Every structure is written in C-alpha cells, then in structure tokens.
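First the structure, in the form of structure tokens, and then the observations on it.
The values are calculated or read from the model by the stated rules, or taken from the named source; none is laboratory data. This structure is a prediction, so every number in the text was calculated from the model and none was measured. Heads up, the Cβs are rebuilt from the backbone with ideal geometry, glycines too, and the neighbour counts pull from every protein chain shown.
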Amino acid sequence: MTPAAVRPPLLREFSAGGLVYRRRGGGIDVVLAARRHPQTGALMWMIPKGHLEPGEAVEAAARREVREETGLTAEIDRPLGDVTYFYARKVEAEGAARIFKRVRFFLMRLRGGRFRDRDHEMDAVRWFPLRDAVARAAHANERALLERAATLLGEEDGPA
C-alpha cells in the first residue's frame, strides 16, 4: 500500500448538549449559540454542546455545557436525540485523524441565569422563537432536532 493510500486513523468522540426553552407570550423561545465561520466571519448558530469531563455523566455534561456557553441554568425535561457526523482534525501524535462524533442532546427547561455570565467560547448567544431557530440553525442535523423539539413541545403550526 502506498503512503497516499493510507487512511488517517478513525477516532471517536462523544459530547452532550441541550436545547434550552421557555414559554413566553403564547410561544416558545429557544437558545442558540454561535461561532463565527473562519473564512466568512458569518455567525453559525447551533445548539450548545461540548465534551464530557472524565467520569462525568452525560446529563451533567449537558447542563454544564449549557451553563458555560450560555450563562443559563436549565433542567432536563427529556432526551431530544443524537446526531452523528465525521470531521477531520490534526492530532498531535498521529498527524491528521478522522473523527466520528456523536452528540446526545436534551430538551431543557430554563431555570435561571443571564447571558452575560457565560464564558466567551461562543461569539454570540440569543433567544429565538422556535420556528425562527429552525431556519437559523447552521447544520441540518440540528435543524431536525429543532423540528423534533417543536413537535415535543406542541408548538402550534410546527416549525416554519
């Protein structure tokens, strides 16, 4: 096998996240967080998520990541769903690696907190009406989760 035919190693990652919601004025708002796209600078809106600390339960990781990235505290209502995807990353020992990532998301009810109390890992955080969030989410797999949330929460007329 020639060096060009050697595939980079496949590594696995598992993360957790949460879609925080609140009922307000007869509607449902949800929180999305955004990072700027490295080439365009456009905000890429997504559901807050991140890695598990050693020994941390997935539910605890989801609550912690929501708190760190948004400044909000929230209670888990129910599982929302998993998303999986591949991406490439430079890994110290191996050079390039392919990463298979699974993220478990939860539907989470707002309990308190303020955006200004978040860390600054994300470039922006804001509330969106649930139907608007479906259209604003950067990734198709997260748009599908937002549509599922609309169904689970009984959002009238479903997502736009």
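In table form, for the structure just shown:
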read-out: Residue list for the stretch 46-64, filter: of a type in the set (D, E, K, R) and assigned to a loop (DSSP other than H, G, I, E, B); value: Glu53, Glu56
read-out: Selection count, the stretch 98-131, where residues are farther than 18 Å from Gly71 by Cα, part of a strand (DSSP E or B) and of a type outside the set (A, V, I, L, M, F, W, C); value: 5
read-out: Residue in the stretch 69-91 that is closer than 28 Å to Arg12 by Cα, assigned to a helix (DSSP H, G or I), within 14 Å of the chain's Cα centre (by Cα) and touching a residue at least 24 places away in the same chain (Cβ under 8 Å) present; value: yes
read-out: Qualifying residue in the stretch 98-112 (condition: hydrophobic (A, V, I, L, M, F, W, C), farther than 24 Å from Leu145 by Cα and at pLDDT below 90); value: no
read-out: Selected residue (criterion: nearest to the chain's Cα centre (by Cα)) from residues of the stretch 93-114 that are surrounded by fewer than 16 Cβ atoms within 10 Å (Cβ to Cβ) and hydrophobic (A, V, I, L, M, F, W, C); value: Phe100
read-out: Residues located in the stretch 1-43, provided they are closer than 16 Å to Tyr85 by Cβ and either in contact with a helix residue (DSSP H, G or I) (Cβ under 9 Å, 6 or more places away or on another chain) or at pLDDT 95 or above (or both); value: Phe14, Ser15, Ala16, Gly17
read-out: Matching residues in the stretch 122-135 - criterion: being buried (at least 16 other Cβ atoms within 10 Å of the Cβ), farther than 11 Å from Leu146 by Cα and at pLDDT below 95; value: Met122
read-out: Unique match (being surrounded by fewer than 20 Cβ atoms within 10 Å (Cβ to Cβ), in contact with a strand residue (DSSP E or B) (Cβ under 7 Å, 6 or more places away or on another chain) and at positive phi) among Gly81, Gly41; value: Gly81
read-out: One residue from Arg12, Arg35, Arg24 being over 20 Å from Arg104 (Cβ atoms) and more than 17 Å from the chain's Cα centre (by Cα); value: Arg24
read-out: Residue satisfying condition, being modelled with pLDDT under 95, among the acidic types (Asp, Glu), out of contact with any His (no Cβ under 7 Å at 6 or more places or on another chain) and within 20 Å of Ala16 (Cα to Cα), within set Asp157, Asp119; value: Asp119
